[in-house]
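The values are calculated or read from the model by the stated rules, or taken from the named source; none is laboratory data. On a predicted model such as this, the values are computed, not experimentally measured, just so you know. Cβ placement follows ideal geometry from the backbone for every residue including glycine, while neighbour counts extend to all protein chains displayed.
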Amino acid sequence: MDEKIEQIFHAIKLAVEALDSQAELARRCGINKSYVNNYLSGKVKNMELDMFFRLYPHIKKYLPEGFLDDSECEKLCKKLGNMEKGFMKDLMQYTGPEKSKIWKAREEIESERLKNRIADTLSNTG
């Protein structure tokens, strides 16, 4: 496993310990507790960029100093948020099965794209 990913997972573990609960970390991040559980149990070996940025404000104090520059993180979060707003606006034009097909295709495309972006981001920070 990549060293940066290990550092993220370790930071998640420390945040959970500080909050005394996986559920509390998940609630604060706006994610399902199963994601936190999967990261801690080792069921997953990578993380999508949008998930990292949901967790980042709550785990950054547990990451090594200089792991990711805050200003760069803020720029990436803003860019990701703007992309999502644009997609949702476009998606509202469709209905029924067409909307479902578009959503599924977007998830497949974005999943691969986000994996590549987080790998690039993490490799450029260390």
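Of everything in segment 42-73 that's in contact with a Lys or Arg (Cβ under 8 Å, 6 or more places away or on another chain) and aliphatic (A, V, I, L, M), which residue is modelled with the lowest pLDDT?
Ranking the candidates gives Leu68 first.
List, please: which pairs have Cβ atoms under 6 Å, are six or more places apart or on different chains, and start with a residue in segment 53-76 that is closer than 12 Å to Gln7 by Cβ and among the hydroxyl-bearing types (Ser, Thr, Tyr) and end with one that is in a helix (DSSP H, G or I) and at pLDDT 65 or above?
Pairs that qualify, where the first residue is closer than 12 Å to Gln7 by Cβ and among the hydroxyl-bearing types (Ser, Thr, Tyr) and the partner is in a helix (DSSP H, G or I) and at pLDDT 65 or above, are Tyr62/Ala11; Tyr62/Leu14; Tyr62/Ala15.
So His10 clears everything in (1) within 17 Å of Glu65 (Cα to Cα); (2) in a loop (DSSP other than H, G, I, E, B) except one condition, right? Which one?
Checking His10 against (1) within 17 Å of Glu65 (Cα to Cα); (2) in a loop (DSSP other than H, G, I, E, B), the one that fails is (2).
Kindly establish whether Tyr39 is modelled with pLDDT of 90 or more, aromatic (Phe, Trp, Tyr) and closer than 20 Å to Ala26 by Cβ.
Working: modelled with pLDDT of 90 or more: yes; aromatic (Phe, Trp, Tyr): yes; closer than 20 Å to Ala26 by Cβ: yes.
Yes, satisfied.
Counting only residues that are under 14 Å from the mean Cα position of the chain (by Cα) and touching a residue at least 40 places away in the same chain (Cβ under 8 Å), how many does segment 8-28 have? Break it down stepwise before answering.
Initial filter on segment 8-28 (under 14 Å from the mean Cα position of the chain (by Cα)): 8-9, 11-12, 25-26, 28.
Going one step further and asking which of them are touching a residue at least 40 places away in the same chain (Cβ under 8 Å), we end up with 8, 11-12.
Residues meeting the conditions: 3.
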